[in-house]
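The values are calculated or read from the model by the stated rules, or taken from the named source; none is laboratory data. Since this is a predicted model, take the numbers as computed values, not measurements. For neighbour counting, all protein chains shown are included, and Cβ atoms are generated from backbone atoms with ideal geometry for every residue, glycine included. Note: accessible area is taken over every heavy atom of the protein model, side chains too, but ligands, DNA and RNA are not part of it. Shrake-Rupley method; radii C 1.70, N 1.55, O 1.52, S 1.80 Å.
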Amino acid sequence: MVNEYITRRTKLIEKLPNNSISIIFGGSEIRKSADEAFKFQIDYNLYYLTGVKQAETILVFIKKENVAKTLLFIQKFDELKEKWTGIRLKEDEAREISGIKEILFSEDFSKELKNIVKEFDKVSFGLDYESAANYGNFDKFISVCEYKDILSKEFANVDFFNIGDELKLLRMVKSDYEIEELRKAIHNTNRGLIEILKKLEPNKYEYEMAALFKYIISLDNSKLSFNTIAASGKNATILHYPDPIDKMKDGDLLLLDLGSDHNEYKADISRTYPINGKFSEMQRKIYEIVLNCNKHIIEIIKPGLTIKVLQEETKRFMADKLIELNLINNPDEIIKYYYHNVSHHLGLDTHDISLRELPLVKGNVITVEPGLYIKELGIGIRIEDDVLVTEDGSECLSKEIIKEINDIESIMK
């Protein structure tokens, strides 16, 4: 795995300008109360390039006269902290995980940076302005943009460039390793959905299905990609229905948007099931529109198309079908029942960083998630799959997760 991180860093370094220092922060732990912190989440750009998940980690690239050097700053060993809050990486462990030889300590970062800048007549600082990571210690948090202002005041004769787009371009194209991790996450998601299909019935609660899914995927030592959406009846017309608390009624549908995380790679799947095991006539008609649209979009995906083209085709396809059902009168009315995008990139983040306007290329992994939300009928349906762009088409990575009406009703029987 260490070779994967080395390859990624090499690709990024090739894109960095000469006479530059690029800095990527892993983020700081945020206090929740006097004696507790929020669960720490590493900045995924730093993780992508190093494999390190520890707070207060900083990655630095120095490129001078076309010679590059990489530094990794980590927390210094603190015996008392380890007794209370867990073991931190030692220097040798950080080297072994990341493949970076020069390991320093985060508390010395500012001093070391000043020494590095002395070697330059003029230096450019590369930062990712969109990064959610914070720079600082446990008492003071500074955003990346605020840190840019500090650097401009502290060092004379400097300029800045944004490395965010280069990081997006790298992460948009998945390696064989990443694709395999996504397959595992999707497979585990399927295990959870199969259990839901077996247990789903009227008069149970939405939160029971969400809890069941979390339990099943945890048996594989996996965690949730994101908080599970379990929305029944009219709740399914709310895209990000936040609190699954309602009792599920006979005759309604349950819309699930969920995923399992495997080694930080996220599955993102939506399925819609009849709570009593049988679709009604109108539910079946709406479901088949969404299902056929889902399959149509997956079929046309290939390198060169853009997500915008996929969105326009989704709107056209479903509008035509809704006109046939007399639910709308003209294509522009599709916005009443379909009001989100059909696709986003997928990877370390559920909505993975990307340049959405770029044409798709081999190695992109995107979602395909058409949906129809008809509040007056109490029907919300979304069917979402995870799709790999191949050399001349696509592969549905989540094809094992059933979505045909007969298959769903058969299992629920």
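Total residues in segment 319-372 satisfying the condition of being within 27 Å of the chain's Cα centre (by Cα), over 19 Å from GLU178 (Cβ atoms) and without any contact (Cβ under 8 Å) to a residue 24 or more places away in the chain: the figure is 1. GLU79 falls short on exactly one of the conditions (1) in contact (Cβ under 8 Å) with a residue 24 or more places away in the chain; (2) farther than 18 Å from PHE40 by Cβ; (3) open to solvent by 60 Å² or more (accessible area, probe 1.4 Å), and that condition is (1).
Considering segment 195-207 alone, what residues qualify as being out of contact with any Leu (no Cβ under 9 Å at 6 or more places or on another chain), over 17 Å from ILE402 (Cα atoms) and of a type outside the set (Lys, Arg)? Show your work before the answer.
If we filter segment 195-207 for residues that are out of contact with any Leu (no Cβ under 9 Å at 6 or more places or on another chain), which is where we start, we get 197-198, 201-205, 207.
Filter again for over 17 Å from ILE402 (Cα atoms), leaving 201-205, 207.
Matches in segment 195-207: GLU201, PRO202, ASN203, TYR205, TYR207.
Evaluation of LEU182 against the conditions (1) surrounded by fewer than 17 Cβ atoms within 10 Å (Cβ to Cβ); (2) of a type in the set (A, V, I, L, M, F, W, C); (3) under 18 Å from the mean Cα position of the chain (by Cα) shows that the sole unmet condition is (1). When we screen ARG316, ARG284, ARG271 for residues that are under 23 Å from the mean Cα position of the chain (by Cα) and of a type outside the set (A, V, I, L, M, F, W, C), the only hit is ARG271.
Identify, from the list GLU400, GLU376, GLU384, the residue that is buried (at least 24 other Cβ atoms within 10 Å of the Cβ) and at pLDDT 95 or above. It would help to see each step written out before you state the result.
Values: GLU400 fails: buried (at least 24 other Cβ atoms within 10 Å of the Cβ); GLU376 fails: buried (at least 24 other Cβ atoms within 10 Å of the Cβ).
Just a single option satisfies the conditions, and that option is GLU384.
Would you mention how many residues in segment 43-57 are within 23 Å of MET172 (Cα to Cα) and either open to solvent by 10 Å² or more (accessible area, probe 1.4 Å) or in contact (Cβ under 8 Å) with a residue 60 or more places away in the chain (or both)? So the count comes out to 8.
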